[in-house]
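Below: one structure, written as structure tokens.
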Amino acid sequence: MNNLNKFKDFTLTEIQQERKRLHTKIKAIRALSFVFDVSIIMMAILFTFEINLFLNLHLFLIPSVSSVILHSFITYQNDKSILLAEQEVFLKFIKK
């Protein structure tokens, strides 16, 4: 409930605009994390079939860490979006 204090002074339209902005941001980050996930899968397949295209095991580190960071950022953005949705419901309830 403490996190709602950040959005306490927002109006209903500001909250809706912020949710739309967060939604587009989440979609863009999700697309980027998908690229990293696919590259991890491709490198794992090449590594499994012992196809050596200058693939070292330490090259898995870059897309792996990037994917973890992006997925955690998506989770953080989703939490913010949920808080905004709660605040939007509170404001709609108060208006009635």
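The values are calculated or read from the model by the stated rules, or taken from the named source; none is laboratory data. Given the structure is predicted, the values throughout are model-derived calculations rather than measurements.
Comparison of Phe90, Phe34, Phe47 shows that the only residue that is part of a helix (DSSP H, G or I), within 15 Å of Ile15 (Cα to Cα) and of a type outside the set (Gly, Ala, Ser) is Phe90.
Take the residues of segment 34-83 that are charged (D, E, K, R) and modelled with pLDDT of 90 or more: which is farthest from the chain's Cα centre (by Cα)? Here the residue is Asp37.
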